[in-house]
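The structure under discussion appears below in the form of structure tokens.
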């Protein structure tokens, strides 16, 4: 009985720690069939992204600047890519910003174990909705958008797990991340979900 109680307390503690593992006050630990997995909902990723925007990207030593703001993220119920959209403006030579429009993009996910973070993987610009009717987005701006997107995917996380709490969980490591059923599913090498009630009663 003591053995099972110990297992229950250990698992409960690990679950409590995991509840704090994902940064931000509104954390959702969505139930999954596999206790090695937790699900992260779009609002939690959005909350993290809200702290990172607006942001500027400079190309060619500052000759061109792209400003991205008001990024919104959604996770479709089917498919394996995130959907995102943001408003963009561009300037050149330190001049005034010119609104570009609303940029619609999608991306897969990759996990970097070095900083416990999720990054965009193979993002694509799917649509550009001009700021004004009849406005055209020139080739130079499209190139700038793709340069920004590649740079962001390489350097900036979409979401980050707290490395200090990861360390406190000892041997628990992330095995994979996928997009499934409208959420990001993080799979660990050990169970991190709540223990079965039967374990506590034995």
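The values are calculated or read from the model by the stated rules, or taken from the named source; none is laboratory data. Here the structure is a predicted model, which means the values were calculated and not measured. Neighbour counts are summed over all protein chains in view; Cβ atoms, including those assigned to glycine, are modelled from backbone coordinates with ideal geometry.
Data overview
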{"item": "Residues located in the stretch 134-151, provided they are assigned to a helix (DSSP H, G or I) and in contact with a strand residue (DSSP E or B) (Cβ under 7 Å, 6 or more places away or on another chain)", "result": "141, 144, 145, 146, 147, 148, 149, 151"}
{"item": "Contacts under 8 angstrom Cβ, first residue in the stretch 86-110 being in contact (Cβ under 8 Å) with a residue 60 or more places away in the chain and at negative phi, partner surrounded by 16 or more Cβ atoms within 10 Å (Cβ to Cβ) and not in a strand (DSSP E or B), 6 or more apart", "result": "108/81; 109/158"}
{"item": "Set 192, 128, 185, 100: member being surrounded by 15 or more Cβ atoms within 10 Å (Cβ to Cβ), modelled with pLDDT of 80 or more and more than 25 Å from residue 62 (Cβ to Cβ)", "result": "185"}
{"item": "Filter pass, residue 120 being modelled with pLDDT of 90 or more, under 30 Å from residue 171 (Cα atoms) and in contact with a helix residue (DSSP H, G or I) (Cβ under 7 Å, 6 or more places away or on another chain)", "result": "yes"}
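Conditions tested, residue by residue: (1) touching a strand residue (DSSP E or B) at 6+ places or on another chain (Cβ under 6 Å); (2) at pLDDT 80 or above.
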| position | (1), (2) |
| --- | --- |
| 20 | no, no |
| 41 | yes, yes |
| 51 | no, yes |
| 62 | no, no |
